[in-house]
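What follows is calculated from the coordinates using simple rules that are stated; it is not laboratory data. Predicted model only: the values in this text are computed from it and were never measured. Cβ coordinates were reconstructed from backbone atoms using ideal geometry, including for glycine residues, and neighbour counts include every protein chain displayed.
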């Protein structure tokens with residue numbers, strides 16, 4: 001066995017990709033800090049019940065589990081930082097009003113989310129706690145768009161849905177848990193034939209509503225079509241009103257080159273989310289480049305119910321889609337204690353230049369470091385000159 005080999009879908013991040021990832025991380029954090037989001041750094045592993053509480057079956061399957069040798073309790077390596085942020089808000093911040101938290105860090109998953117995806121995403125995200133109104137959803141969505149644009153992603157399609165619509169239809173139709181799961185999976189896979197087969201035993205009105213739900217995707221006209229064709233249940237009307245309101249609030253984003261669409265059968269994270277859900281798509285990305293939604297129910301599991309909404313994205317996936325980086329530009333400095341040389345090196349580094357010292361016996365290999373210039377002394381003064 002090769003002792004240098006890594007597990008499948010686990011990889012090192014090498015230069016220059018590592019520097020690009022770090023640059024994007026800083027850019028994202030600058031945006032989040034500018035909007036008043038406070039940085040938290042949760043641990044990589046926690047007791048399993050804390051990591052998985054209220055998150056649904058999918059996150060359970062994605063979580064690596066182990067036994068704590070000190071306490072004998074089961075622990076998990078985080079597969080998502082959002083539940084940790086909810087715990088921090090509920091028990092450590094303990095604020096009465098709005099709490100804005102952000103985070104960056106690696107998460108680990110038992111399986112990759114897609115073809116050629118890593119099992120160790122580098123997650124960046126933000127969570128807004130304490131406001132249940134649509135204004136909180138709008139703030140988080142606009143913030144996500146700004147973070148993506150700061151990372152160089154444009155031509156974004158923001159796709160909105162609301163899990164409350166499906167949930168209300170399922171409750172009023174009296175679906176058993178297994179039947180609800182079957183119909184959920186059919187809608188998620190966009191399998192119209194399976195949806196039709198799954199609703200055959202239902203009341204004709206609800207059967208038609210579920211079939212129609214799978215067809216309601218597109219522009220803002222979808223909301224009017226839903227108002228006209230879906231049952232006039234209070235929960236359904238409230239969800240559609242929220243989506244219509246958010247559409248108006250996001251008009252400025254649309255004017256900035258973001259296209260807003262709606263998919264009322266998008267139920268990503270149904271067992272976890274409690275309201276509006278959203279995902280951002282961009283050219284060349286096979287799946288959503290960022291996603292999020294409302295999850296008001298999770299706080300109850302920590303003993304303090306709090307309205308909550310947030311988003312997250314994988315910076316490693318973004319870096320992997322960027323065009324190749326330019327070769328590094330580095331200046332080679334001779335080993336010399338000259339005061340003028342030291343002053344010039346400090347000045348160059350303060351301006352963002354990379355200056356490396358020439359160590360004995362390695363002059364022939366500095367092209368490996370991208371050295372395209374060197375410091376030379378001419379007439380008693382030091383100058384930057386191109387390496388020919």
Let's test this: bin the Cα-Cα distances of the stretch 47-160 at 10 Å from zero up to the farthest pair and state each bin's percent.
12, 33, 38, 14, 3, 0
Stokes-Einstein, Kirkwood over Cα pairs, the stretch 245-320, 4 °C, 1.567 mPa s; D in µm²/s equals 91 µm²/s
Alpha-carbon Debye profile of the chain, log10 I(q)/I(0) at 0.14 Å⁻¹:
-1.24
Using a Debye calculation, one point per C-alpha and no hydration shell, please list log10 I(q)/I(0) for the stretch 239-388 at q = 0.09, 0.10, 0.11, 0.19 Å⁻¹ in order.
-0.60, -0.65, -0.68, -1.20
Output needed for the stretch 279-366: three equivalent-ellipsoid semi-axes, defined as square roots of 5 times the C-alpha gyration tensor eigenvalues, in descending order, whole Å.
50, 21, 11
Beta carbons within 10 angstrom, averaged per residue: use that to sort the peptides 77-87, 372-382, highest first.
77-87, 372-382
Of 202-210, 284-292, 310-318, ordering from highest average Cβ density within 10 Å down gives 310-318, 284-292, 202-210
Among 26-39, 235-248, what's the highest-first ranking by average C-beta atoms within 10 angstrom per residue?
235-248, 26-39
Could you work out Rg/(2.2 N^0.38 Å) for the stretch 330-386, with Rg from alpha carbons only?
1.06
If you average the C-alpha positions of the stretch 329-356 and of the stretch 202-248 separately, how far apart do those two centres end up, in angstrom?
64 Å
Rg and Dmax of the stretch 150-211, Cα atoms only, in Å:
15.1, 50
Kirkwood Rh, angstrom, the stretch 163-253 [1 / mean 1/r, Cα pairs]
13.7 Å
